[in-house]
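Below is one structure; the comments refer to it alone.
Rule-based calculations on the coordinates, nothing more; no lab input. All of these numbers come straight from a predicted model, not from anything done at the bench. Cβ: placed from backbone, ideal geometry, glycine included. Neighbour counts: every protein chain shown.
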Amino acid sequence: MEFNSTCLYSFLVVCAVSSLSVSIGTGGGLLYVPILGLLYHDVALGVYLSKISILITSFIGTTYHICNDAYLLIKSSKYKSDEESHSDLTPKTVQPPRVYFVLAASLVPSCIVGTNLGTRFHFFAKRHLKILLTSAVAFSMLVTFLKLYLIYKNRKNKLNFQPESKNFETPTIENSNAEVVSKNFISHILEPYSNSSLHTIKMRSISLAIILFCIILYYIAVRFEDSFTPIPILVLLCTIGVYFSIKLRMSFRLSKEYDETTDSDSDEESQVKEKKESKIRKFFEEGIHIILLNTMVAFFSGFMSGAIGIGSGIFLVPLLQYLNVPPLSCSATSNLLTMSMSIATLSRFSFKIDLSREMVIPPVCGSLLGTSLSLFFIRSVIQDKITRLFINVTLLIYCTSSIIVTWAI
């Protein structure tokens, strides 16, 4: 087995990209695919090696965050026992977990079904992978730019609001009341994702079992691809995803009732208008739009993961941010979803392609080294303090670099 300059360059590229990818929850495939494709003179080879690197990176990142959650669970149980023996201890606030297993379990089935169609499409679109990659990255770049604009706008509004609150006390109260009254329905709906009742040991265990069950079930479907076995299995996966999404939404449905009564003196047009508003309000309260959005984004992420070899974290991270998931939990949950899609994609590619050890070893070693160094830096230096601004800025840099690299080289 001989190693040349190509192996060295692939090792360095994967090591550098994986160090940033694991911190924000993306796989890094948007840079792996064009660069590794150039090194091995085949974009399709860049796709296969990219999925291997993404699997290693996301697996290490997910394991790190799960171990941290397990440590916090053990620590909290120990604190509860101490609290029972010493009643004078002040109760400790429960921290949200890093990995949202319950939310991930509702997304994984749609991701896996998407990877199946994506890998099928991959073999028909090998000549147009660069165009597909650029289109997907450009779409994610647009969404990320809008997120950065909203972050800037919110910070600017806060800075403008602070001087007014210092000089005028009474208007401040009125403004705060108006803000509470006009608060968006979506904000009310998304707050319960941090509800501690969704993150019990029982719920996490059930969700993890569902995720593993879906991955094993899909491997069986791929193994017997020549028969009719995959069809009912894929239908079952879709059913599991939709059912668990609805179950998740129903578990924290709002109990707040809105007053929909109308005055007897109001005209017929106002009554019709209020009925339409109540229907729109009910649509948002029931979370139907979130179920549809989760399913569509998860399916699209899986499709792109299988078709062009990216980790699809560039789509999942904005979705998790929209669902008000904390930045660190957003990164951890995205790593879990990326790992699931990588396993599903590689389980199908493994029966279609054959790679030599000289091609596989450098990306694997680069992923191990880059991810380990990055997690050590995150743990020891910045102490797991990842902000929403850092995630979006890094995503924007990734997307811009991917488009430049794809067409410049």
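Descriptive notes on the structure:
- Whole-angstrom gap from segment 296-324 to segment 95-144, using each part's C-alpha centre: 4
- Among 144, 338, sorting on how many other beta-carbon atoms sit within 10 Å of each Cβ, with the fewest leading, yields 144, 338.
- Here the residues 223, 204, 249, ranked from fewest to most Cβ neighbours within 10 Å of their Cβ, fall in the order 223, 249, 204.
- The residues 33, 325, when put in order of fewest to most other Cβ atoms within 10 Å, stand as 325, 33.
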